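Please read the structure below before turning to the comments.
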Amino acid sequence: MTHDSDMMKRRAVRDRLFFALKVVLWMLIAYSFATEIELYRTYPHLGQIAYGLNTFLTGSIVISIGRFIFISLYQRQNKKNNRVRGNYILGINQIATLLNVVFVVLGLMWAFGINPKEFLTSITIVAMAIALLFRDYITNMISGLLIMFSDQFTIGDTVRIGEHQGKIMDITLANIMVKNDDDDVVLIPNNTAFTVNIINQSLQNSKKLTIDFELPLAHSYHPETLEKDLVSVLEKYASDVVPGSFQLKVVGVGKDFVHYKFQLTTAKKDTGLRRKLRNDLYLKVITYDAAQAAEKLQR
């Protein structure tokens, strides 16, 4: 935590220095427009470069001020909220980056003597073709921005997105980065978040542990034995599991299988403990299934 705090402080100092440098450079260019008129008349290309740089700096300074105001207002409003959404700040930063790119392009156009309005008018058809070609990426990017400004989940939340479950590490314009229990980082396209069910476990009781499994229909005639076997696993975790919180229930029956759900509540929030419990319970399910198969063969 201290390391992350130090990194944020260094980044803040760097951003302030960069902003001050942009302001100084913008003031120097603005001053040169008033004092070096003859120089720019003699060297028109130099004037174009100065005008293009001034365009970029003006836009970038306004964007930086707007970014600072929006983030400050958000942090002030959520000062007493223990659930500050880092993805909101991330969204503001991403929009600021995109707008800066736009002003970089505009600045380069002016620097090379290209009128942006005439240029955009002349490539309208080409722009439409490019938009169609990169339609999936554009929609994915828009989905990323919508996710960043949503209050459904934030960086650090433990979620289940489709078949993937883990902790959100980052949200980009392309993907949601989720670290699962195996410490693998899974990149989930932003569009996927709008097409599958999402369970935000951080908004629920994070001490609650649920495992889902299926057993062959032929091995499911003794649910009391299955429950007894699963409860036996909890004996070595007696101090870590809330007494009487466990429950085994059938949530579905198929043609050849029965879908079970086993739930319990841990006494504390511990990712390592939950991982061990889940692993031991699944091993017990496998053992039970094998015992039922062996018993059936003996008959």
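Here, each number is a calculation from the coordinates, and none is a lab measurement. Predicted model, so just to flag it, every value in this text is computed and none were measured. Cβ placement follows ideal geometry from the backbone for every residue including glycine, while neighbour counts extend to all protein chains displayed.
Data table
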item	result
Tensor-based shape of segment 158-200 (alpha-carbon gyration tensor, a/c under 1.5 rounded, otherwise prolate or oblate)	oblate
Spin-label pair Arg11/Ala218, simplified geometry with 7 Å Cα→Cβ offset, distance in nm	5.7 nm
FRET efficiency, 1/(1 + (r/R0)^6) with R0 51 Å, evaluated for Lys236 and Ala174 via beta carbons	0.70
The chain, relative contact order [Cα under 8 Å, separation at least 6], %	12 percent
Global form of segment 208-298, assessed from the alpha-carbon gyration tensor, a/c cut-off 1.5	prolate
Built amide H within the under 5 Å cut-off of Phe257, gap 5+	Leu217
Vicinal HN-Hα couplings computed from phi for segment 51-64 (Karplus, 6.51 cos²θ - 1.76 cosθ + 1.60; Hz; Gly/Pro x)	5, x, 5, 5, 4, 5, 5, 4, x, 5, 5, 4, 5, 4
Gyration tensor verdict on the chain (Cα atoms; rounded if a/c is under 1.5, prolate if a/b is larger than b/c, oblate otherwise)	prolate
Point-to-point label distance, Ala30-Gln152, nm (Cα→Cβ direction, 7 Å offset)	4.3 nm
Placed amide H near Val242: partners under 5 Å, 5+ positions off or other chain	Thr265, Thr266, Ala267
Ellipticity estimate at 222 nm from DSSP helix runs (n ≥ 4, -39,500 (n - 2.57)) divided over the chain, nearest 500	-19500 deg cm²/dmol
3J(HN,Hα) from dihedral phi, segment 101-116, Karplus parametrisation 6.51/-1.76/1.60, rounded to Hz, x for glycine, proline	4, 4, 6, 5, 4, 4, x, 5, 4, 5, 5, 9, x, 9, 7, x
Gain upon complete extension [Ala20, Ala290; 0.36 nm per residue less C-alpha separation]	90.2 nm
Net lengthening on full extension, Phe112/Ala129 (0.36 nm per residue, minus Cα-Cα)	3.6 nm
Helix 223-233 axis, angle to the chain major axis (alpha carbon atoms, nearest 10°)	70 degrees
Efficiency of FRET from Cβ geometry, Val196 and Lys255, R₀ 25 Å, rounded to 0.05	0.50
With Cα atoms, 0 to 90° folded angle of helix 2-35 axis to the chain main axis	20 degrees
Chain lengthening between Val105 and Thr265 when straightened (0.36 nm per residue, less Cα-Cα)	52.1 nm
Placed amide H near Ile176: partners under 5 Å, 5+ positions off or other chain	Ile188, Asn190
From phi via Karplus (6.51, -1.76, 1.60), per-residue ³J(HN,Hα) for segment 183-190 in Hz, x at Gly/Pro	6, 8, 8, 9, 9, 10, x, 4
